[in-house]
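Working notes, beginning with the structure itself.
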């Protein structure tokens, strides 16, 4: 019995051995095979995932003896992340067993870098380890084929030059210019170092702490020139005071400058160092904390064209510092130079005429639309934004109630009587008004029955019929109020819609829309009547007004204003057939009489040998017509002869009651332009 039990146990044990052996054999036979290609692909995945420590564990012992884990991680990390590597891919082209323990893999590699795509062919060898499987025989050449263990990978940035802005005659409006760099030589500050630094800080409008922080930089030596602030070359008085302080040294350097300064500040704008917000808002444009970026005016509008593209080189540098091999390169692309239609001479002269007032000048060629000047006053010095503005200088601009940073020619204003030619042209074009139509009223005041206390006044009585020509010559409010009523709301608003009221005009600068009503609809007879002579709720943008007035010089076609020079002489129209040819020429002839007729409101604009069409305007700022309310003074004019010097001017001055209104502007225009 015992013998049978023993035999049974032995049999069971044999069966178990057979089963276990079969399982082991099955497991061995069916175990996934790890080949060298898999190991290499895994290594590439680790590179993409920046798993440098895991990569090191995949190396042969011999490779590890050549480089420590710390150095391996540092070298790979610094190179791959330094060139902003991403999306590395390999294509294995050949696998060859060189011997029983070594396999060679030929492959093509590609990756994205900060300098563009990099492609190369390479070879890697893997050794078979009995315990760990295949391990990589690593050297620096697996990063780049040209890279030896003593070489370095270098990244070099070549800064693009910002493009210049020129006027029509090639005069610089924005570009590199010479400025003075105020600095300190620490070893020469003398015994009263702290007092001298405080004096320098006060004169430059910077803090003592900021100067001390700059002086404490690691590179600073006693004989170093340490730049503190840049100032304009013209700051002679300031520089003389600074040179009296021990340790101060002044050198010349270059930076972005604006030769016209205040005269074209709102138009050209300025650049400043990019802020963290600028960098965040433009993630794909390569801005850094040292980049300049356009902050206002055309510097901002043309930023992408002016800025250019920095060049970038990735290359291998030998141990002796020489360039060994190029890896990738993006060529530097300097910013584009832009030439404007602006005439610096006109721009500067008109600015100087109006700089102590609040107002604007728009000067345009009436037949082409080329803008020769865009002046807004008061203004500011854009150079100070580039060189560094003191708190007091910024507060002086920020707290100025006349808003010097606003480009007034981009806003919209009540046009007063300069609007009357539009009413006349719309009436003539629609057939709802004729040159023979006259209105009957006496005195300087009129109102329609049922208007109650509301009446319309005009300034000057005159003899002769109350027709379109006389009404323009004498700037008769009552005539144009009655004309608007006769034209009718539908004809009146349709005519204004046709000439782009309520629309943004196609122009590089963002202009305010002109309007004839706050709501988009004229809702009462009184408002319609007031609108006829440029009051009511009418607002007009000055650049838009220049285009409208150009229709009187172009047989009824409104030219399209432009500010960047063209290579051809083509003329574009903002609105063709804005008015009929007959209507436009009637208004033009009447506006000539505003200047030429002895009773015209703009006789002081007469210029010997020239024919000028013009219209004065006074816009009340309060609907109540309060005698104490201040006014806007306007004067719009254009040349109407065959002279080569063709000009169209739209101008306005605020607070005009005490200045003389339109006539204050006429004197300046006549002196400067004719």
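The values are calculated or read from the model by the stated rules, or taken from the named source; none is laboratory data. All values reported here derive from a predicted model rather than from experimental measurement. Here the Cβ positions follow ideal geometry from the backbone for every residue, glycine too, while neighbour counts run over all protein chains shown.
When the criteria are applied in full, residue 106 meets the requirement of being at pLDDT 95 or above, part of a strand (DSSP E or B) and in contact with a strand residue (DSSP E or B) (Cβ under 6 Å, 6 or more places away or on another chain). Does residue 436 satisfy being farther than 26 Å from residue 501 by Cβ, out of contact with any strand residue (DSSP E or B) (no Cβ under 8 Å at 6 or more places or on another chain), surrounded by fewer than 24 Cβ atoms within 10 Å (Cβ to Cβ) and without any contact (Cβ under 8 Å) to a residue 60 or more places away in the chain? Yes: the conditions hold for residue 436. If the condition is being in a strand (DSSP E or B) and either surrounded by fewer than 16 Cβ atoms within 10 Å (Cβ to Cβ) or modelled with pLDDT of 95 or more (or both), then region 229-253 contributes 248, 249, 250, 251, 252, 253. Of everything listed in (1) in contact (Cβ under 8 Å) with a residue 60 or more places away in the chain; (2) assigned to a helix (DSSP H, G or I); (3) not assigned by TED's automatic domain parsing to the domain that holds residue 201, the single unmet condition for residue 363 is (2).
For region 118-137, the criterion of a residue being exposed (fewer than 12 other Cβ atoms within 10 Å of the Cβ) and within 19 Å of residue 54 (Cβ to Cβ) is satisfied by at least one position. Filtered by the rule that a residue be part of a loop (DSSP other than H, G, I, E, B), in contact with a helix residue (DSSP H, G or I) (Cβ under 8 Å, 6 or more places away or on another chain) and closer than 27 Å to residue 183 by Cβ, region 260-280 gives a lone residue, 270. Counting only residues that are part of a helix (DSSP H, G or I) and touching a residue at least 60 places away in the same chain (Cβ under 8 Å), region 200-228 holds 1 of them. Residues that are in contact (Cβ under 8 Å) with a residue 24 or more places away in the chain and in a strand (DSSP E or B) were ranked within region 94-103; the one that is farthest from residue 157 (Cα to Cα) is 102. Is it true that some residue in region 475-484 is part of a strand (DSSP E or B), touching a residue at least 60 places away in the same chain (Cβ under 8 Å) and under 45 Å from the mean Cα position of the chain (by Cα)? For region 475-484, residues part of a strand (DSSP E or B), touching a residue at least 60 places away in the same chain (Cβ under 8 Å) and under 45 Å from the mean Cα position of the chain (by Cα): absent.
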